[in-house]
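I have placed the structure first, in the form of structure tokens, so that the comments after it can refer back to it.
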Amino acid sequence: MVGSLTAALLCAAGLASPAVAGAAPDPEAARPAGAAGPRLPDGLAPTPPMGFNNWNATHCRAEFDEAMVKGIADIFVSKGLKEAGYQYVNLDDCWALPQRDANGKLVPDPKRFPGGIKAVADYVHGKGLKLGIYTSAGTKTCNQAGFPGALGHERGDAQQFAEWGVDYLKYDNCNNQGVDAKKRYVAMRDALRAASQSTGRPIVYSICEWGENKPWEWASDVGHLWRTTGDISDNWGSMLSIMKRNLPLARYAGPGRWNDPDMLEVGNGGMTDTEYRTHFSMWSIMAAPLLIGSDLRKASPQTFEILGNKEVVAVDQDPLGKQGTVISSAGGRWVVAKEMKDGSRAVALFNETGRPQRVATTAKAVGLPQASGYTLRDLWKHESFHTAGTISATVPAHGTVLVRVSADGTWADKPPAVELGLDGGALVEAGKPDRLTTRVTNLGRTPARHVGARLTGPPGWQVKATSPASAAALPTGKALTTSWTVTAPEGTPTGAYPLDLRASYRAPGGGLVESALPLTAQVVVAPPAGRSALSDLPWISTTNGWGPVEKDTSNGESRAGDGNPLTIDGKVFAKGLGVHAESDVAYYAGGACERLTARVGVDDEKLLKGTVAFEVWADGKKAASTGVLTNQLPAQGLSADVGGAEVVRLVVTDGGDGIDSDHADWAEPVLSC
């Protein structure tokens, strides 16, 4: 478990299914034998539900109240989210009093909802939107205060919800008393069906069972969507782990039955805008429910820009109802493709790693027919180009390029697509020139003419081309390759600095086209000669599955500096790094180091929980690794030959069962140079 606040909610689903590539089979074939039963009213959730849920932003704090819910409904209308397709405004835990009334009915908290739930539903309906509510398939809900659950009260609670005007039910899994999950969730399905028949109020049914009993195998005749994982957290590692566990389940999704990898964290502040665009892109190509988890009353313009991108929403809401499937994923370079009803393909080029990478595929590989050319629409830049068949981009660290590609016969009306790229990294020692190589490659069927490249850095930096930066023409597949020297001023502090690579060219017909690729230069310091404790050296970059990477303490919880002494199987270590899977900590070695040694294991702070594996990477090659380690093992020795490497990376993976409780220690890590 990664944090105490949600301790009752998370689970380790332990998926081990391989990624599914190619077209999804008939959804009916995915239904297990014997799963037939009375379905909820037909026609609900033909596309993944879109809306809002307060939990990620507020939990049970006092700000969750009637005014907030009405305010979110107002924002849906005023900010164009309703027009973009968002319709459900959903209440999560803590809306009720801790006790039922004398008649066994649920009672809304009068402080939070003085007008009652029906009044809120009426307000939301008046905006042309729908209201959702929450309870648990147990005796109490998941909050520590323990509000009434619906186990044994399914018929009465479902009737209350329908009479209040509720349109959507999230049904959690806490305090379930060990009752079989299928029985509990089928009981509420039947109760909702009966309530709908008596009131005329159909209710979308969200099964929040955390994937513990593989609901994708049995719930297509029970609910309209089902959680496939434990709860998401607002950090890169959590989002990435959940995405990886949901992707293999594509064949189970379809109209009226959706895999649910949990709510969106976009805008909550724990990730960068680049990472949030990846989050939104990947949820959309997975045909996941899009439930906003940030308080829109405080949201930035960038948050609204991401959530309101209608071209990305259209990928999620495509009426064919296919979930995207994995085409390739080697080296953290993911290609995920989704068949669309109009015959086009949405394609996500996703870079899992902490450095820019070229991610590439072809029109044939994503299932498009042979054609002389293809229209390629960039859904974040809102620009259209044509390609001869290659679909590729240099994707920033943790970024995603989302395109829609079609063999529609109109490709010749668009300019050729060009790919901008950088060979190698951009690691700069202040005062010393670093050599970089850029490429501008024509992916189109027609030539790109009068091509020019320009690279710029921050004020005071010197950037100079040392080979030609222009070309009269680039035929299909040809590249303009330019060498540059980049020099940061003497005394520039370590850290990341922006570089901007731009290309301009003329398309057939003479129109000027400009393209840009934002890059990052990292100012670094060479490690000293001899043996150095890694926790005493500056790192280049870190990613961590829960909270920040900690120096000389365990990972702790979500805040910086909240760790404990590094402890593995009762042994305390004074020096090291406390991390949480999935994690990646990169150091500059400058080609002058020979070996990295460490003692590694699962920290004792999560008792008997946690499974992880450790890896050391020297540039792009794995130099050492462990098998899966558990909390019951003593610290293991790890030694890696990193001779000649420019960058050394310390990686911790989740051991194959998700990131729950994966607190890992790099104890006494030493770099010898």
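Couple of notes before you dig in:
- Hey, ARG227 surrounded by fewer than 24 Cβ atoms within 10 Å (Cβ to Cβ) and of a type in the set (Lys, Arg) or not: no
- Scope segment 468-480; condition part of a strand (DSSP E or B) and surrounded by 15 or more Cβ atoms within 10 Å (Cβ to Cβ); matching residues: SER470, ALA471, LEU474, ALA479, LEU480
- Matching residues in segment 242-255 - criterion: being out of contact with any helix residue (DSSP H, G or I) (no Cβ under 7 Å at 6 or more places or on another chain) and either part of a helix (DSSP H, G or I) or surrounded by 24 or more Cβ atoms within 10 Å (Cβ to Cβ) (or both): ILE242, LYS244, ARG245, ASN246, LEU247, PRO248, ALA250, ALA253
- Any hit, segment 105-115, residues being on the phi > 0 side of the Ramachandran plot, in the same structural domain as GLU154 (by TED's automatic domain parsing) and either of a type in the set (Phe, Trp, Tyr) or at pLDDT 95 or above (or both): no
- Among the residues of segment 150-163, those that are assigned to a helix (DSSP H, G or I), hydrophobic (A, V, I, L, M, F, W, C) and under 19 Å from PRO98 (Cα atoms) comprise ALA158, PHE161.
- Of all residues in segment 644-673, those that are over 22 Å from the mean Cα position of the chain (by Cα), in a loop (DSSP other than H, G, I, E, B) and either of a type in the set (Asp, Glu) or crowded, with 24+ Cβ neighbours inside 10 Å (or both) total 2.
- From the list TRP258, TRP283, the lone residue that is at pLDDT 95 or above, among the aromatic types (Phe, Trp, Tyr), farther than 20 Å from GLU383 by Cα and part of a strand (DSSP E or B) is TRP258.
- Of residues in segment 220-231 being out of contact with any Gly (no Cβ under 8 Å at 6 or more places or on another chain) and in a loop (DSSP other than H, G, I, E, B), the one farthest from LYS170 (Cα to Cα): ASP231
- Some residue of segment 341-353 being of a type outside the set (Phe, Trp, Tyr), out of contact with any Lys or Arg (no Cβ under 9 Å at 6 or more places or on another chain) and outside any loop (DSSP other than H, G, I, E, B): no
Residue-wise test of (1) touching a residue at least 24 places away in the same chain (Cβ under 8 Å); (2) in a loop (DSSP other than H, G, I, E, B); (3) of a type in the set (A, V, I, L, M, F, W, C).
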{"position": "LYS170", "(1), (2), (3)": "yes, no, no"}
{"position": "CYS174", "(1), (2), (3)": "yes, yes, yes"}
{"position": "MET188", "(1), (2), (3)": "yes, no, yes"}
{"position": "ARG193", "(1), (2), (3)": "yes, no, no"}
{"position": "ASN213", "(1), (2), (3)": "yes, yes, no"}
{"position": "LEU240", "(1), (2), (3)": "yes, no, yes"}
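- Residue in segment 350-369 that is of a type outside the set (Ser, Thr, Tyr), on the phi > 0 side of the Ramachandran plot and under 21 Å from the mean Cα position of the chain (by Cα) present: no
- Residues located in segment 133-148, provided they are of a type in the set (Ser, Thr, Tyr) and either closer than 24 Å to TYR88 by Cα or without any contact (Cβ under 8 Å) to a residue 12 or more places away in the chain (or both): TYR134, THR135, SER136, THR141
- Taken over segment 482-507, the residue count meeting the criterion of being in contact with a Ser or Thr (Cβ under 9 Å, 6 or more places away or on another chain) and buried (at least 16 other Cβ atoms within 10 Å of the Cβ) is 10.
- Residue check, THR375 surrounded by 21 or more Cβ atoms within 10 Å (Cβ to Cβ), over 22 Å from THR278 (Cβ atoms) and touching a residue at least 24 places away in the same chain (Cβ under 8 Å): yes
- Given (1) buried (at least 23 other Cβ atoms within 10 Å of the Cβ); (2) in the same structural domain as GLY254 (by TED's automatic domain parsing), index of the condition GLY293 fails: (1)
- Meets criteria (acidic (Asp, Glu), in contact with a His (Cβ under 9 Å, 6 or more places away or on another chain), under 20 Å from GLY211 (Cα atoms) and in contact (Cβ under 8 Å) with a residue 24 or more places away in the chain) for GLU265: yes
The values are calculated or read from the model by the stated rules, or taken from the named source; none is laboratory data. Treat the numbers as computed from the prediction; the structure is a model and nothing was measured. We place every Cβ from the backbone using ideal geometry, glycine too, and count neighbours over all the protein chains shown.
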